[in-house]
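Worksheet: one structure, shown below.
Here, each number is a calculation from the coordinates, and none is a lab measurement. Bear in mind that the values here come from a model prediction, so they are computed numbers and not experimental data. Methodologically, a virtual Cβ is constructed for each residue, glycine included, from the backbone with ideal geometry; neighbour enumeration extends over all protein chains shown.
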Ligand SMILES: NC(=O)c1ccc[n+]([C@@H]2O[C@H](COP(=O)([O-])OP(=O)(O)OC[C@H]3O[C@@H](n4cnc5c(N)ncnc54)[C@H](OP(=O)(O)O)[C@@H]3O)[C@@H](O)[C@H]2O)c1
């Protein structure tokens with residue numbers, strides 16, 4: 001297989017999603033260069049599984065390793081900013097799992113550091129890298145659907161009521177917004193012409209004080225609107241509907257979507273759009289990151305991450321919901 005991986009990648013974290021990243025690099029013809037993990041033994045197991053040569057004794061060693069070009073951060077949300085600071089200050093390019101930070105203040109700091117050190121910073125938000133979304137942009141630009149009116153977007157995930165796991169645990173920055181709302185908001189931001197500037201919401205908290213369920217209504221300067229429903233204790237179909245004055249788009253399994261159906265309402269005609277593969281979601285992120293680091297791609301949609309983070313920060317302010325790190 002042709003090796004499309006030019007740079008040396010290190011993973012910081014060896015959990016569920018880090019496994020997918022390791023496999024995505026393999027699918028791209030390469031492999032991870034090194035592994036940093038809080039629990040060293042798990043780092044060693046991970047390295048053995050993927051035939052990776054180097055495991056650091058301490059996490060901080062990864063930032064000082066001159067051989068490392070790109071660090072992939074896949075630890076809980078509240079740990080991201082400390083790792084981002086260290087990685088960016090050491091001139092490493094970073095692909096960081098969602099949610100990229102806890103709040104806008106942290107993200108602005110990270111963006112400043114990335115600019116100062118001339119490195120690429122990107123959020124591993126699958127929506128920004130799946131080919132279907134770029135394909136849909138072409139349809140939208142052709143204007144055959146007309147003007148965007150309303151977006152409906154849901155994300156429901158059934159998590160057991162275990163208040164110690166990362167989904168409900170306030171100490172691990174739990175809550176629906178940062179875990180799954182970030183997908184729904186990234187989807188909405190992708191299609192909206194500008195960032196929503198009016199926000200209404202209702203929230204239900206879990207016993208730990210993190211958001212378990214929410215309904216959100218967004219409007220932007222163009223009058224485009226979106227409704228979102230999120231739940232951490234009820235599954236919902238991962239289906240997004242984007243309605244224009246001449247038709248609507250439905251997209252399924254949208255975080256890693258590969259298929260959309262467009263219905264033209266004037267005559268009922270349906271068009272099926274297929275692009276990319278759900279199973280290769282992380283490979284698209286890897287390849288986009290490689291291109292961005294090489295200077296062949298100037299768009300990693302960090303400005304969308306910034307807009308989404310601002311909405312999440314504003315929502316939590318309105319809800320009076322903080323994380324321990326924000327109370328210091
Ligand atoms: N993009 C996606 O499709 C997707 C899917 C799932 C998750 N994610 C995101 O990826 C991140 C990790 O999720 P996951 O499901 O992979 O989690 P996971 O399986 O629980 O793995 C968590 C990893 O973080 C490490 N860790 C935990 N607490 C830490 C701390 N305080 N300091 C340093 N390292 C720590 C763990 O190290 P130990 O081995 O020492 O425990 C482990 O390597 C989250 O931000 C999540 O939102 C993204």
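Quick look at the numbers
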item	result
Cα convex hull volume per residue for the chain (Å³)	136
Over the range 245-328: Rg over Rh, Cα atoms, Kirkwood Rh	1.13
The chain: relative contact order in percent, alpha carbon pairs under 8 Å with at least 6 residues between	18
Between the range 103-167 and the range 218-280, the Cα center-to-center distance that results, in Å	14
Principal axes of the range 214-285: Cα extent on each, largest first, Å	36, 32, 24
Residue among 55, 182, 261 with the largest mean-square fluctuation in a Gaussian network model of the chain, springs linking Cα atoms under 10 Å	261
With Cα atoms, 0 to 90° folded angle of helix 281-294 axis to the chain main axis	70
Segment residue 327-residue 296, length gained on full extension (0.36 nm per residue, minus Cα span)	7.0 nm
Normalised alpha carbon radius of gyration of the range 9-151 [divisor 2.2 N^0.38 Å]	1.20
Most fluctuating residue given options 280, 291, 266, as computed from a GNM of the chain linking Cα atoms under 10 Å	266
The range 287-328: Rg to Rh, with Rh as the Kirkwood radius over Cα pairs	1.25
The chain: most fluctuating residue of 164, 11, 241 per GNM, C-alpha cutoff 10 Å	164
0 to 90° range, to nearest 10: angle between helix 104-116 axis and the chain longest Cα axis	60
Whole-number D in µm²/s for the range 115-192 (Stokes-Einstein; Kirkwood sum over Cα pairs; 20 °C, 1.002 mPa s)	139
Computed E for residue 49/residue 259 - FRET, C-beta separation, R0 41 angstrom, nearest 0.05	0.80
Förster radius 25 Å - calculated FRET efficiency between residue 236 and residue 200, Cβ distance, rounded to 0.05	0.80
FRET efficiency, 1/(1 + (r/R0)^6) with R0 35 Å, evaluated for residue 61 and residue 158 via beta carbons	0.35
Using distinct alpha-carbon pairs, which all enter the 1/r mean, Kirkwood radius of the range 23-97 in Å	12.8
Degrees, to the nearest 10: 40-50 long Cα axis against longest axis of the chain	70
When the range 10-65 is reduced to its Cα atoms, the Kirkwood hydrodynamic radius in Å	11.0
